[in-house]
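The block underneath contains the structure these notes are about, expressed in structure tokens.
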Amino acid sequence: MSTNRLRKDFLEFFKSKGHKIFPSDSLVPLDKSVLFTSAGMNQFKPYFLGEKKDISRATSCQKCLRTDDMDKVGKTPYHHTFFEMLGNFSFGDYFKQGAIEMAWEFLTHRLNIKEKDLWVSVYYEDDEASSIWKEFIGVPEHKIVKLGAKENFWPSNAPKDGPNGPCGPCSEIFFDRGSDKGCLKENCNPGCDCDRFVEVWNLVFTQFNRVGENKLEPLPQKNIDTGMGLERMASVLQNKSSNFEIDIFYPLVELTKNLLKIEEITKDKNILINAIVDYTRGATFAISDGVYPSNEERGYVVRKLIRRAYFNGYYLGMREPFLYNLVELYAELFKEPYPQLISHKRDIAEVIRSEEERFIYALEEAKKQLYSIVEINKKENKKIIDGDIAFRFYDTYGLPWELILELAKEYNLEVDKDKFNQLMEKQKQISRQKSMFIDTIFTWEDYPYDDITQFIGYEEFTTKAKILRIMREKKEVDELLEDDKGIVVLDRSPFYPQSGGQLADRGLLNTDTGLFYVEDTIKVKDALLHIGIVKEGKITKGEVKACVDRERRLALMRAHTATHLLQSALREILGEQVTQQGSLVDVDRLRFDFNYFQSLTTEQLNSIEYRVNEFILRNDRVNKKWISLEEAKKEGALAFFKDKYGDWVRMVSIGDYSKELCGGTHLDYTSQVGVFSILYECSVSSGIRRIEAIVGEEAYKKLANYKSLVKNLVSLLKVKEEDILDSLNQLRDENRILKDRVDSVERKLLKFQVEEAIKNRDIYGDTNIFVYQFEDKNYNHLLFLSDIIRERFLSSFVFLISLYNGKYIFVCAVTSDLKEKGVTPDKFLAKYREEIGVKGGGKELVAQGVFVKPADILSCREIVKKFLTHEVKL
């Protein structure tokens, strides 16, 4: 049975049993407590918690991504990072008997697996499940294995170790590959660690609420959560000993072998190839769901997957990008269940190729640095790389921790993990401090109240309201006095909280006793928290007049509506594959991140800016309405993958060119934006570009400034406006001619000045050493001097220094005969940059850079001699 057929048959079987088929949720889950969707039940959490009750039975085939067992991938037949989980779920409907009967029927009747090949395990205290298997299904008692809480309880070992919350025993179904497999012992059963028995289905009976160690209370609503690994079940049906041999993996394994030009396959090579295929599949699906490589959270996982996969190829001799070639085959193999891979395959391949190129560069730079560290460690007889150096590899070169360890192993070195972890934690703390979400404010988890604030800011800037709660330093108080900082919670408010990239409103809360300036507004649960300071008098509970800063809000609305216009223009001009990857809506200023794989040309930027201003001039109405999420999807509304949506969503549409899900505040007509002007475009990360632009008053100020600038140029150059560019080009050409004349005179002077450096040369064996300091010479001058020296002296090592514009700069160069002996500037710098105190780089014959501390010419001369002694064996 093909994997596609298995997936389809499973869903159709449970549909026939009254289950609603749900499509796979995105790998980016609604549940913010996890980075990626890691189980089939994730999207059904509201049903398990009783928050939603419109259905009682569901089934799905869920895309999942887990990296807990990343190191096991390829080494075992069944471990994966990305996998598909088939599942059926009951929310207070059928329980153990129903779940067991349906699972058995599907396996033995729909898949035609022989009953004699199936075994089951149950939690050792779950007599109910054991009895159902024996009495109702007819499984022989010796094939019902009772195991402990570690193996047959969810979460694993929950009664003793926790966490508190819903949990329950589980029952697993195993396929017996035969007594000639595994450990070959007579008493072998599913409790054995050998690979004779393949776990194909896990039935979780969520019946308890854990309230403490070994304290389990019955749940009022008992649920069923089952999971069948698609790939593992396919390996059983296709009679394969490994998941990597099934129909959706084997072609990729073969393609990878061809790309790596591997003919003879060893066990170790096979492990690396299988991991390459798995990691790249995980990255492909994550990118398809909008997660791009970066150094943070989900992006870091994707970066790690790509880099681990490439490093395996690197280990097998590959030195150029190759993973991106797998994407087209992934798209073909998975086009039936996930057709979006076909339409996005080019973009996904570009992201992966770009990340490979970045990593190749990072690897080469890191190896140069590591070579220098190895040499230092040898001198000091150290076997451990310092944690701060390892962290620099991570922070500067983007090397995951696991790859730093691999590089260190090549040189028989260990790494100080404790110090590395300390620096990682410090970086996280700095990142948190920079976050807009202030640490002193409540999170969803710890806000202890059930306050509800009605938001009326879509219609009103000002309203009368009641103060529900006053807080200072997370504690409720009766009043805030003048200059006190605190939080005020209202029953209704026009203040928009920071959300969806739009900054929060600011303004005033005015009571009979005082004036409170609102500096920030955030939403916690259903409450709006107004954060600020008392400017006059005091604030107590009672009536209040809440007034949003109208001009600031209008400026935010101009920027937000312009952001929608910008996305429409980008998709029209660059292609519909362009989607939002992030945004910031500020006061008459916006920042928009989008996926694109090359810098935009001046012509493209001009076209985008012109198109947005065309939209503005059309004076189209900006329509906003609340509709169901399903209806919005049918209408083709764009959604930002990082935002989470409920069953009802707010859709903002403009003309026939813009339709987005958006909870932000917007103008009524596009003409109210005024003017749109792009400030710059740049790269943010691999495959992600950023445009920053201004609108309204800020854009007008910029245009007024340009007008003044043009007027001054006309006066200065004494030409007409239309002749400014010609006049400037003429001045540039004249300046270039004068500069060439100056350079010509300078070079003639340099030919005389080089004699002083020649007089001070050292002769070391057959090699001439030139270490000399000049005054006020730039890089071009030093390069010219090094060329003169190398033309006159056959075997030369040149290290010239100059104090130029307040910095010590240098040029290091060698003659070709030294290069042939392995004496090169890049090797010299890699080995001694720390000791000399320089940073820079170059090629095999010439390098240049700058001193990070005052140059010491005598020390430089001795270090050059030491280098030559070591390399040339003088």
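Report, in listed order, any pair from Lys378/Lys419; Lys711/Lys739; Lys143/Lys181; Lys633/Lys659; Lys52/Lys624 with a Cα-Cα distance greater than 19 Å.
As for pairs spanning more than 19 Å Cα to Cα, those are Lys378/Lys419; Lys711/Lys739; Lys52/Lys624.
With a Förster radius of 45 Å, plug the Cβ-Cβ distance of Glu791 and Glu380 into 1/(1 + (r/R0)^6) and report the FRET value to the nearest 0.05.
With a Förster radius of 45 Å, E is 0.65.
Give the relative contact order (percent, whole number) for the chain; include only Cα pairs under 8 Å separated by 6+ residues.
6 percent
Rounded, prolate or oblate, given the Cα gyration tensor of segment 625-690, with a/c below 1.5 counting as rounded?
Oblate, since a/c reaches 1.5 and b/c is not below a/b.
Let me make sure I get this right: for segment 76-154, a, b and c are the square roots of the gyration tensor eigenvalues over alpha carbons, sorted descending. Under 1.5 in a/c it's rounded, otherwise prolate if a/b > b/c, else oblate. Which is it?
Cα axes put segment 76-154 in the rounded bin.
Could you give me the ³J(HN,Hα) list for segment 699-709, computed from phi with Karplus coefficients 6.51, -1.76, 1.60 and θ = phi - 60°, whole Hz, x at Gly and Pro?
Computed from phi, the couplings for segment 699-709 are 5, 4, 4, 5, 5, 5, 5, 4, 4, 5, 4 Hz.
Based on DSSP H runs of at least 4 residues, each adding -39500 (n - 2.57), what is the mean residue ellipticity at 222 nm of the chain after dividing by all its residues, to the nearest 500 deg cm²/dmol? Before the final figure, lay out each step's value.
Working: 24 runs with 341 residues, N = 874.
Helix-only estimate at 222 nm: -12500 deg cm²/dmol.
Could you give the length gained on full extension between Ser179 and Lys634, defined as 0.36 nm per residue of separation minus the Cα-Cα distance, in nm? Don't skip to the answer; put the middle values down first.
Numbers: separation 455, 0.36 × 455 = 163.80 nm, distance 5.35 nm.
Length difference between fully extended and current span is 158.5 nm.
From a point 7 Å beyond the Cα of Glu614 in the direction of its Cβ, which residues of segment 656-695 have a backbone N at a distance under 14 Å?
Within reach of a label on Glu614, which here means backbone N under 14 Å from a point 7 Å along Cα→Cβ, segment 656-695 contributes 656-658.
Using all C-alpha to C-alpha distances in segment 1-99, build P(r) with 10 Å bins and read off the rounded percent in each one.
15, 40, 34, 11, 0
As an exercise, use a Förster radius of 60 Å and the Cβ-Cβ distance of Asp723 and Lys116 to find the FRET efficiency, rounded to the nearest 0.05.
Approximately 0.05, to the nearest 0.05.
Using a cut-off of 16 Å between alpha-carbon atoms, which aspartates and glutamates can reach Lys17, once sequence neighbours fewer than 8 places away in the same chain are excluded?
Output for Lys17: Asp9, Asp93, Glu101, Glu105, Asp225.
Counting only pairs 8 or more places apart or on different chains, how many lysine pairs in segment 185-305 have C-alpha atoms closer than 18 Å?
Lysine pairs satisfying the spacing and distance rule in segment 185-305 number 4.
Order these peptides, 286-297, 532-543, 493-504, by their mean beta-carbon neighbour count within 10 angstrom, highest first. It would help to have the intermediate numbers written out before the result.
On the way: 286-297: 20.5, 532-543: 16.5, 493-504: 22.2.
Order by mean packing, descending: 493-504, 286-297, 532-543.
On a C-alpha basis, how far is the centre of segment 312-339 from the centre of segment 353-370 in Å? Whole number, if you could?
20 Å
What distance in nm separates the simple spin-label points at Asp161 and Lys843, each placed 7 Å from Cα in the Cβ direction?
5.7 nm
Per residue of segment 172-181, in order, report the coupling 6.51 cos²θ - 1.76 cosθ + 1.60 (Karplus, θ = phi - 60°) as ³J(HN,Hα) in whole Hz, putting x for Gly and Pro.
With the stated coefficients, segment 172-181 comes to 10, 10, 10, 9, 8, 6, x, 5, 8, 10 Hz.
How many angstrom lie between the Cα centre of segment 596-645 and the Cα centre of segment 87-147?
For segment 596-645 versus segment 87-147, the Cα centre distance is 52 Å.
Would you mind calculating the gained length between Asn623 and Lys707 on full extension (0.36 nm times residue separation, minus the Cα-Cα distance), in nm to one decimal?
Gain on stretching Asn623 to Lys707: 26.7 nm.
Could you sort the peptides 46-55, 544-553, 370-379 by per-residue average Cβ neighbour count (10 Å cutoff), highest mean leading? Let's see the in-between values first.
Details: 46-55: 13.6, 544-553: 18.4, 370-379: 15.7.
By packing density, highest mean first, the sequence is 544-553, 370-379, 46-55.
Straight-line reach only, C-alpha to C-alpha below 18 angstrom: list the lysines that Lys475 could link to, leaving out same-chain residues fewer than 8 apart.
Candidates past the 8-residue exclusion: Lys485, Lys523, Lys525, Lys538, Lys541.
Can you check what the Kirkwood hydrodynamic radius comes to for segment 501-595, Cα pairs only, in Å to one decimal?
Every distinct Cα pair counted, the radius reaches 15.5 Å.
Quick one: dipole size for the chain, taken about the Cα centre, charges +1 on Lys/Arg Cβ and -1 on Asp/Glu Cβ, in debye to the nearest 20.
1220 debye
List, in order, the whole-Hz ³J(HN,Hα) value for each residue of segment 564-571 obtained from phi through the Karplus relation with A = 6.51, B = -1.76, C = 1.60 and θ = phi - 60°; use x for Gly and Pro.
5, 5, 5, 4, 4, 5, 4, 5
Measuring from a point 7 Å past the Cα of His870 along Cα-to-C-beta, which residues in segment 364-385 have an amide N at less than 20 Å?
In segment 364-385, the label zone of His870 (backbone N under 20 Å from the point 7 Å along Cα→Cβ) covers 365-385.
Each label point is 7 Å from the Cα along the Cα-to-Cβ direction; what then is the distance between the points at Lys545 and Asp733, in nm?
6.8 nm
Once you have the Cα-Cα distance between Lys759 and Glu336, take 0.36 nm times their residue separation minus that, and quote the gain in nm to one decimal.
My answer for the length gained is 144.6 nm.
Place +1 on the Cβ of every Lys and Arg and -1 on the Cβ of every Asp and Glu in the chain, take the dipole about the Cα centre, and give the residue among Leu803, Leu305, Val351 whose Cα lies farthest towards its positive end.
Of the listed residues, the answer is Leu803.
Dipole of segment 372-414, Cα-centred, from +1 at each Lys and Arg C-beta and -1 at each Asp and Glu C-beta, to the nearest 20 debye?
200 debye
Using alpha carbons only, how many angstrom separate the centre of segment 474-532 from the centre of segment 61-80?
Using only Cα atoms, the two centres lie 46 Å from each other.
Reachable aspartates and glutamates from Lys821, Cα under 12 Å, same-chain residues fewer than 8 places away excluded?
Lys821 reaches Glu844, Glu871.
Heavy atoms only, probe 1.4 Å: what % of the accessible area of segment 170-299 goes to carbon and sulfur, would you let me know?
Numbers: 2340 of 5580 Å².
Accessible surface attributable to carbon and sulfur in segment 170-299 totals 42 percent.
Roughly how many nanometres apart are two label points built 7 Å out from the Cα toward the Cβ at Lys134 and Asn209?
Each label point is offset 7 Å from its Cα along the Cβ direction, giving 3.3 nm.
Bin width 20 Å, origin at 0, all Cα-Cα pairs of the chain: what percent of pairs per bin?
11, 32, 35, 18, 3, 0
The values are calculated or read from the model by the stated rules, or taken from the named source; none is laboratory data. The structure displayed is predicted, hence computed values, not measured ones. Because the Cβ atoms are built from the backbone with ideal geometry, glycine has one as well, and the counts that use them run over all protein chains shown. Only protein heavy atoms, including side chains, enter the accessible area calculation; ligands, DNA and RNA are left aside. Shrake-Rupley method; radii C 1.70, N 1.55, O 1.52, S 1.80 Å.
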